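Read through the structure below, which is laid out as structure tokens, and then see the notes.
Quick note: the coordinates plus some simple rules give every number you see, no bench work behind them. Predicted, not measured: the structure shown is a model, and the values here were computed from it. Cβ coordinates were reconstructed from backbone atoms using ideal geometry, including for glycine residues, and neighbour counts include every protein chain displayed.
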Amino acid sequence: MPQYKRMKGNVLVRGDLFLTGTITRLAQPPVNVTRPTISGSSNLGSTLEVLNPGEWDPIPTGFTYQWMQTGGSEISGATSITYTTVTADENALISCVVTGTNADGSASAPSNSLGPILAPPANAVAPVVSGSITLGGVLNVTNGTWTNAPTSYGYQWLRDGTAIPGANAASYTTVAADETTMISCTVTATNAAGSVGATSNAVGPIT
């Protein structure tokens with residue numbers, strides 16, 4: 001096979017054969033090979049992060065980020081490598097589009113999605129204590145009404161606002177120490193995003 005060597009400029013030579021022309025480098029903008037990866041908690045208020053921008057060929061000289069909600073809606077101003085979820089993200093899936101850039105151009109690739117974003121329970125209607133305020137009587141508490149789908153409830157009965165040791169059921173039988181005091185109950189609702197308490201009305205004084 002003939003061997004050519006560059007003489008200078010745009011001239012190639014083999015023996016007495018000269019070839020002239022312009023040698024053009026093909027443009028090679030980045031191409032995404034493996035998608036970006038984000039990580040973090042799906043709890044509302046948590047910070048998500050682009051853990052890995054993905055693999056690209058050729059390797060970009062820089063990256064930019066655009067965080068997205070379910071359905072491909074851009075989150076305004078969310079263009080950092082991290083993103084802290086807000087109330088508007090509740091129940092949405094969150095992802096990030098990473099754009100790799102070099103001198104020849106740019107290309108974008110979406111990450112995996114995290115979510116749905118969960119908020120801890122929120123109390124809409126306070127728990128209610130009712131029952132006998134006579135010493136030895138039984139008091140009961142409702143859970144109240146909550147949003148964000150609690151999966152469990154806990155109870156702490158209070159004597160004049162102070163926790164009564166061991167009084168952790170949905171009902172409470174008053175004892176001698178309760179005489180002349182006011183009794184209430186804090187109900188704690190829990191879901192995957194956290195726990196929140198709400199305190200009932202107080203009944204009494206216990207007689």
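What translational diffusion coefficient, in µm²/s and rounded to a whole number, does the Stokes-Einstein relation yield for the chain at 37 °C and a viscosity of 0.692 mPa s, taking the hydrodynamic radius as the Kirkwood radius over Cα pairs? Display every interim value, and only then the final one.
Numbers: Rh = 22.5 Å.
After rounding, the answer is 146 µm²/s.
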At q = 0.18, 0.19, 0.20, 0.27 Å⁻¹, base-10 log of I(q)/I(0) for region 31-110 (Debye sum, equal scatterers on each alpha carbon): -0.70, -0.76, -0.83, -1.31
Prolate/oblate/rounded label for region 122-199 (Cα gyration tensor, a/c 1.5): prolate
Model label zone, V31; criterion: amide N under 19 Å from point 7 Å along Cα-to-beta-carbon; scope region 54-74: 54-62
Label-point separation in nm, T188 to T79, each point 7 Å along Cα→Cβ: 4.4 nm
Region 122-145 residues near the modelled D160 label - backbone nitrogen below 12 Å, point 7 Å along Cα→Cβ: none
Stretchable slack from N43 to T134, in nm (0.36 nm times residue separation minus alpha-carbon distance): 28.4 nm
